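Student: Before I ask anything, let me first share the structure, which is written out below as structure tokens.
The values are calculated or read from the model by the stated rules, or taken from the named source; none is laboratory data. Everything quoted here is computed from the prediction, not taken from an experiment. Cβ placement follows ideal geometry from the backbone for every residue including glycine, while neighbour counts extend to all protein chains displayed.
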Amino acid sequence: MRHAFKATRWRGCVGKERAALIATALIAVLIAYLTLTDAPNGPGGLPHLDKLYHLIAFFCLVLPCALFHQRSLIWLIPSAISLAGLIEIIQPYVGREGDWLDFFADIVGVGLGFLLGHTLRRSKS
């Protein structure tokens, strides 16, 4: 039995924890790609709609670990905020416009992802 348990472990993570870390890594790569490549010209629509996209993206970045791998939040939350800041600093160098309101929306998304994940996690206990 001990060997079977060891076979399912991955750097101290099992099952849902591993899936949460993988999902978070994939979401981080997707966020970096979408925010650092040419933006398609979307519909005129609502002003500042991109702020909502930023909020949703960083909400989705933090939520999997907030639900299933809380120990990772000690490094994930500062890393997510750092990623948000770096994106806004790098964007002018890749033909995009950096916007500190996007950074603020990213931070709000991180906070909401943490709060929802933490709330749902506590309600299960």
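Student: Applying the selection to the stretch 70-80, what residues are buried (at least 21 other Cβ atoms within 10 Å of the Cβ) and closer than 16 Å to A19 by Cβ? Show your work before the answer.
Tutor: Keep residues of the stretch 70-80 that are buried (at least 21 other Cβ atoms within 10 Å of the Cβ), which gives 76, 80.
Answer for the stretch 70-80, where residues must be buried (at least 21 other Cβ atoms within 10 Å of the Cβ) and closer than 16 Å to A19 by Cβ: just L76.
Student: Next question, about the same structure. I'm trying to understand the selection: among the residues of the stretch 109-125, which are out of contact with any helix residue (DSSP H, G or I) (no Cβ under 8 Å at 6 or more places or on another chain), closer than 17 Å to K16 by Cα and surrounded by 12 or more Cβ atoms within 10 Å (Cβ to Cβ)?
Tutor: none
Student: Go through (1) modelled with pLDDT under 95; (2) surrounded by fewer than 17 Cβ atoms within 10 Å (Cβ to Cβ) one by one and return the number of the condition I22 breaks.
Tutor: The failed condition is (1).
Student: Hey, any hits in the stretch 71-79 for a residue that's touching a Ser or Thr at 6+ places or on another chain (Cβ under 9 Å), assigned to a helix (DSSP H, G or I), in contact (Cβ under 8 Å) with a residue 40 or more places away in the chain and of a type outside the set (S, T, Y)?
Tutor: Yes: one or more hits.
Student: With the structure loaded, tell me whether I87 is under 14 Å from K51 (Cβ atoms), of a type outside the set (G, A, S) and at pLDDT 95 or above or whether it fails that test. Working first, answer last.
Tutor: On the way: under 14 Å from K51 (Cβ atoms): yes; of a type outside the set (G, A, S): yes; at pLDDT 95 or above: yes.
Answer is yes for this residue.
Student: Which residue, of L61, L52, L86, is out of contact with any Cys (no Cβ under 6 Å at 6 or more places or on another chain), surrounded by 12 or more Cβ atoms within 10 Å (Cβ to Cβ) and free of Cβ contacts under 8 Å to residues at least 12 places away in the same chain?
Tutor: Unique residue meeting the criteria: L86.
Student: Given the structure, is L34 surrounded by 15 or more Cβ atoms within 10 Å (Cβ to Cβ) and in a helix (DSSP H, G or I)?
Tutor: Details: surrounded by 15 or more Cβ atoms within 10 Å (Cβ to Cβ): no; in a helix (DSSP H, G or I): yes.
Against the criterion (surrounded by 15 or more Cβ atoms within 10 Å (Cβ to Cβ) and in a helix (DSSP H, G or I)), L34 does not qualify.
Student: Of all residues in the stretch 89-103, how many are part of a helix (DSSP H, G or I) and in contact (Cβ under 8 Å) with a residue 12 or more places away in the chain?
Tutor: So the count comes out to 7.
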